[in-house]
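Data block below; observations after.
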Amino acid sequence: MSLLKVNDLKIHYPIRGGFFRRVVDHVKAVDGISFELQPGETYGLVGESGCGKTTSGRAIIGLNNVTSGELLFEGKDLAKMGRMERRKHTKDIQMIFQDPYSSLNVRKNVLNIIAEPLRNFERLSPKEELLRVQELVARVGLSPESIYKYPHQFSGGQRQRIGIARALALKPKLIIADEPVSALDVSVQAQVLNFMQEIQEDFGLTYLFISHDLGIIQHMCDRIGIMYRGRFVEEGTASEIYNNPQHLYTKRLIAAIPELDPEKRFEKMHLRQSINQEYQNDYNNYFDKDGRMYDLKRISESHSVAMQ
Amino acid sequence: MKNPVLEINDLRASFNIKGNYYAAVDGVSLTVHENEVVAIVGESGCGKSALANSIMGLHNLKNTKLEGEINFGNQNLLELPLAKFNKIRGKDIAMIFQDPMTALNPLATIGRQIEEPMDYHLKLSASEKKNRTLELLRRVGIKNEQRVYEQYPHELSGGMRQRVVIAIALSCDPVVLLADEPTTALDVTIQAQIMDLMKELQNQTKTGIILITHDLGVVAEMADRVVVMYAGEIVEMADVKDLFENPLHPYTRSLLNSIPANFEGKEKLHVIDGIVPSLQNLDRTGCRFAPRIAWIPEEDHEERPEMHEAEPNHFVRCSCYKTFYFPEDRVGENEYVATES
Amino acid sequence: MLQFILRRTLIMIPQIILVSIIVFLLAKAMPGDALTGAFQGNPDVSQEQIQKIREKLGLNDPWYQQYGRWLGNAVQGDFGQSYVHKQPVTHLLAGKVENTLLLSFFTLVVTYIIAIPLGIISGRWTDTWADKIIVTYNYFAFATPVFVFALLMMYLFSFVLGWLPYGSSVDIKLEEGTWDYFVSRAKHLVLPVLSGALIATYSTIQYLRNDIIDQKLKDYVKTARAKGVPEGKVYIRHILRNSLLPIAAFLGMEITLMITGSIFIESIFSYPGLGFLFIQSISTRDYSVVTALVLISSTAVIIGTMLSDIILSIVDPRIRIE
């Protein structure tokens, strides 16, 4: 059974207009997406700003209201649960945020930051709590004395580790990582990414990895879903997406990754130009008459594309 | 050899921190030629932004000390009075900023903002200015230029605004163009568009471009020559092909190995030990990268690391590059675990 | 744009109705009514007689009926009788509204004339001696209660130096319309206006100084400098435009605040305006006047807020509504 199954998820926001501010239309932030996460895998949700990837991630953890659709976590629909019932499952799903600077409370020391979820969900004696926190701090590679320090005393990479330790405190099954390394320098990025891979093995974690950076997604993910304007454009394994992209938008995204071989830069520039040309010529193959993406169509066991 | 347009000589930019001055740019020498893109790469804290602000005169001089020379034509910009410097910046030396969302004045129309440098540097009538502005908008790939001319920044998307920022920089045909992370704040596909646009524009003019970035991908796509900075110093300088084919300095090699896009699949990325030292904690004697490659014996470093021309036109600081190796390559396994103190 | 203004105006109506209900109920809740004061302790009037008059005046009706009558009259400009002055409230207000508007207007103008240049100097040249002097003045302005300062001003300029008159709004011996009358009015305004303005500068100076310091670090200012714009022009064309925008926008609110805030100044200088009347009426429990004044000033605040919204939507392109 899949750990998480998202079924036709829609998140719409009303637009009000006219004299009486009536609802005249909806912003379809997420407009019918479906995907499944198998235990232990890393699933990448990729797209540019405004494509709905973050909204989807936040909906799964309960930070956004769902307009319609199912969020089946271990077979139970989170979207239909009440607040109290849902709370039981928040233990199993945790989130790592983009900005390690703003996602940690600056007035709390590391002990209090990491212990917070424990205090909310588990009754531990102060001694047990301290032990658990020490364990976690050691696991994320910080020194034992750092539990009495405050966030500003750490570097960006270390802060992200604190955020990860907090997410791990309740031994979750699923971690939603929303652009976890976008605010970090390349070499620090590498540290955090390696580390996320290590703890995935140790804790048997499943990741929903949300990012705009295709390089990182390719490196981290088993399967990938490409989002555009609130819908899925293409879904497949990492190698299917990178080596055999089908949808024009996917091709465009991949062509946009800067080429690390200076010799190929003009080749890459021409590739982009020809894709733009194709975009103009074959628009109708990829979008219906309302400019909406088609539904996903299966082209192999694991590879689907939104085409007619 | 092409004509040099900007020469930086032993530049030192120091910030006042609690009464003492610490150099963020520590003896940088660099020449930019016409029609050339020089990329300055490094991570946060390497001094690349301080370098850009020094060239553009954007430091707050109350707490910044500038030494050395930035020679443009036959004048040292650091010695020019502000009134004279203002005749140069915006005209001969222009800048493209990182974040198009904040780089434009929210209360002025796009047309006004592009025309503004012309007010001070070019003697043009109102209609000439407008025509020139519309022409610039077309050049940076904006199709409905008449409409955009009247619009305010908030009415444009990020990519469009960055095109406007570029148009402002190009408004008086600069000789030197300073681009500070011009694509960092943009979406991937927009980044690609802006990179291609800049390459195209560069082919049309003789402008020398200084491209400041942390993104080695952008460097590989755009630069002719690359300068790698670490802790305020240049550690490596080479033509772009040489640098990517044959990186020499341990820092450059480490950086290249930590980019995920350089790997297929789930291989471990290289991690640089330790952290970038803060200005106050930086040990300024000896090789500044030494603490982060502690497995390299001390005697492999120079006492006072100099730039060496290791290969023709390929410069590298310190001798440690000769014996440098990645520990994970020697062990063969992925046993190497990152530690951070 | 027109639609926005229209909608903004319509939203005001329920706001004003709500405020009027609250004001009315508060007035009702106060101990005693029109008759308590009028016949208090008068042995010639018996309780039964009072009850009868109450019934006749409708004071025993349910509150919403009384409210309906009161509001209906108020809309027509009839706020009832003043129990103390024994004349219609509207009569009492006439002339005072004008006085207060005059006082508030000039106080605001003088406040801006002083505060805007000082705020700009202090924000642009931070940590210079000029800035330090301005900041010190500002602390004093903040810390000094307006009535203390007003008394000091009065003592110094009226009693000691004898330069300026105090009390009333004009020399009553003078004939309206003459030049001397005009000069006398102006002279009577000087002290109240200066006392109010020198203290009121505080918020504007503080705001401008902080905002300019803030704006100075913004990226668009860097862009302007990189364009080669001379430093003075960087301020005029870029920083000040952004910093002064909220001040322009708050104009609507500011003027109503001045009107409602003139209580102290008016009572100290015995300046016959709404504030002076307000204090008088409270101390004599002249409830019908108090209610009328509260209603007028809260309506003014609501209108002022609306004006601010509309001004802001005109001057700031980011919230300009199509």
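The values are calculated or read from the model by the stated rules, or taken from the named source; none is laboratory data. Quick caveat: nothing in here was measured; it's all calculated off a predicted structure. Note: ideal-geometry Cβ built from the backbone for every residue, glycine included; neighbour counts use all protein chains shown.
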Report summary line: Among helices (runs of 4 or more DSSP H) entirely inside the stretch B:37-129, those with 2 or more residues being in contact (Cβ under 8 Å) with a residue 12 or more places away in the chain, in the same structural domain as residue B:151 (by TED's automatic domain parsing) and under 28 Å from residue A:157 (Cβ atoms) are B:48-56
Report summary line: The residue from B:226, B:271 that alone is outside any loop (DSSP other than H, G, I, E, B) and within 12 Å of another protein chain (Cβ to nearest Cβ) is B:226
Query raised in the report: Does the stretch A:99-146 hold any residues that are more than 14 Å from chain B (Cβ to nearest Cβ) and of a type in the set (S, T, N, Q), and which are they?
Result: A:102, A:103, A:105, A:109, A:112, A:120, A:125, A:134
Query - Test for residue A:157: is it within 14 Å of chain B (Cβ to nearest Cβ) and either modelled with pLDDT of 90 or more or closer than 15 Å to residue A:100 by Cα (or both) - result: yes
Report task. Give the stretch B:95-107 a look and list any residue that's more than 7 Å from chain C (Cβ to nearest Cβ) and either of a type in the set (Asp, Glu) or crowded, with 21+ Cβ neighbours inside 10 Å (or both), or say none. Result -> B:96, B:98, B:100
Query raised in the report: Quick one: how many residues across the stretch A:76-104 are assigned to a strand (DSSP E or B), of a type in the set (Lys, Arg) and closer than 10 Å to residue A:61 by Cα?
Result: 0
Report summary line: Conditions (1) assigned to a helix (DSSP H, G or I); (2) surrounded by fewer than 19 Cβ atoms within 10 Å (Cβ to Cβ) -> residue C:104 fails only (2)
Query raised in the report: How about the stretch C:82-141: which of its residues are outside the structural domain of residue C:260 (by TED's automatic domain parsing) and charged (D, E, K, R)?
Result: C:86
Report summary line: When every residue in the stretch C:281-291 that is farther than 21 Å from residue C:147 by Cβ and not acidic (Asp, Glu) is compared, the one surrounded by the fewest Cβ atoms within 10 Å (Cβ to Cβ) is C:285
Requested in this report: Give the residues of the stretch B:147-169 that are surrounded by fewer than 17 Cβ atoms within 10 Å (Cβ to Cβ), more than 15 Å from residue B:96 (Cβ to Cβ) and touching a helix residue (DSSP H, G or I) at 6+ places or on another chain (Cβ under 7 Å), sorted by residue number.
Outcome: B:150, B:151, B:154
Query raised in the report: Any idea how many residues of the stretch C:114-171 are more than 30 Å from residue C:236 (Cβ to Cβ), touching a residue at least 40 places away in the same chain (Cβ under 8 Å) and of a type in the set (Phe, Trp, Tyr)?
Result: 3
Query - Looking only at the stretch C:147-185, and only at residues there that are among the aliphatic types (A, V, I, L, M) and closer than 16 Å to residue C:95 by Cα, the one that is surrounded by the most Cβ atoms within 10 Å (Cβ to Cβ) - result: C:170
Query raised in the report: Are there any helices (runs of 4 or more DSSP H) wholly within the stretch C:187-272 with 1 or more residues that are more than 12 Å from chain B (Cβ to nearest Cβ) and modelled with pLDDT of 90 or more, and if so which?
Result: none
Query raised in the report: Across the stretch B:215-255, what is the total count of residues that are under 19 Å from residue A:188 (Cβ atoms), within 15 Å of the chain's Cα centre (by Cα) and among the hydrophobic types (A, V, I, L, M, F, W, C)?
Result: 7
**Report entry** Those residues of the stretch A:289-308 which are surrounded by 12 or more Cβ atoms within 10 Å (Cβ to Cβ), over 19 Å from residue A:242 (Cβ atoms) and more than 24 Å from the chain's Cα centre (by Cα), in sequence order
**Finding:** none
Requested in this report: Please enumerate the residues belonging to the stretch C:159-186 that are part of a loop (DSSP other than H, G, I, E, B) and small (Gly, Ala, Ser).
Outcome: C:162, C:167, C:168, C:169, C:177
Query raised in the report: Is at least one residue of the stretch A:89-99 crowded, with 18+ Cβ neighbours inside 10 Å, among the acidic types (Asp, Glu) and closer than 30 Å to residue B:193 by Cα?
Result: no
Query raised in the report: How do the strands (runs of 3 or more DSSP E) wholly within the stretch A:189-308 filter down when requiring 2 or more residues that are within 14 Å of chain B (Cβ to nearest Cβ), of a type outside the set (S, T, N, Q) and over 24 Å from residue A:168 (Cα atoms): which remain?
Result: A:223-228
**Report entry** Subset tally (residues that are surrounded by fewer than 20 Cβ atoms within 10 Å (Cβ to Cβ), within 26 Å of the chain's Cα centre (by Cα) and among the hydrophobic types (A, V, I, L, M, F, W, C)) for the stretch C:229-253
**Finding:** 6
Report summary line: Filter the stretch C:21-61 for residues that are over 32 Å from the mean Cα position of the chain (by Cα), at pLDDT below 65 and part of a loop (DSSP other than H, G, I, E, B); the one that is surrounded by the most Cβ atoms within 10 Å (Cβ to Cβ) is C:40
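Yes or no, residue by residue, for (1) farther than 24 Å from residue C:24 by Cβ; (2) touching a helix residue (DSSP H, G or I) at 6+ places or on another chain (Cβ under 7 Å); (3) surrounded by 22 or more Cβ atoms within 10 Å (Cβ to Cβ):
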| site | (1), (2), (3) |
| --- | --- |
| C:265 | yes, yes, yes |
| C:272 | yes, yes, no |
| C:279 | no, yes, no |
| C:293 | no, yes, yes |
| C:299 | no, yes, no |
| C:314 | yes, no, no |
Query - Those residues of the stretch B:166-214 which are in a loop (DSSP other than H, G, I, E, B) and within 11 Å of another protein chain (Cβ to nearest Cβ), in sequence order - result: B:171, B:172, B:174, B:183, B:184, B:185, B:186, B:187, B:214
Requested in this report: Identify, from the list B:162, B:146, the residue that is touching a residue at least 24 places away in the same chain (Cβ under 8 Å) and either part of a helix (DSSP H, G or I) or among the aliphatic types (A, V, I, L, M) (or both).
Outcome: B:162
**Report entry** Pair list, Cβ under 8 Å, 6 or more apart: the stretch A:120-146 residue over 13 Å from residue A:166 (Cβ atoms), other residue of a type in the set (D, E, K, R)
**Finding:** A:124/A:132; A:129/A:119; A:141/A:161; A:141/B:340
Query - Residue within the stretch B:63-75 that is buried (at least 16 other Cβ atoms within 10 Å of the Cβ) and under 25 Å from residue C:126 (Cα atoms) present - result: yes
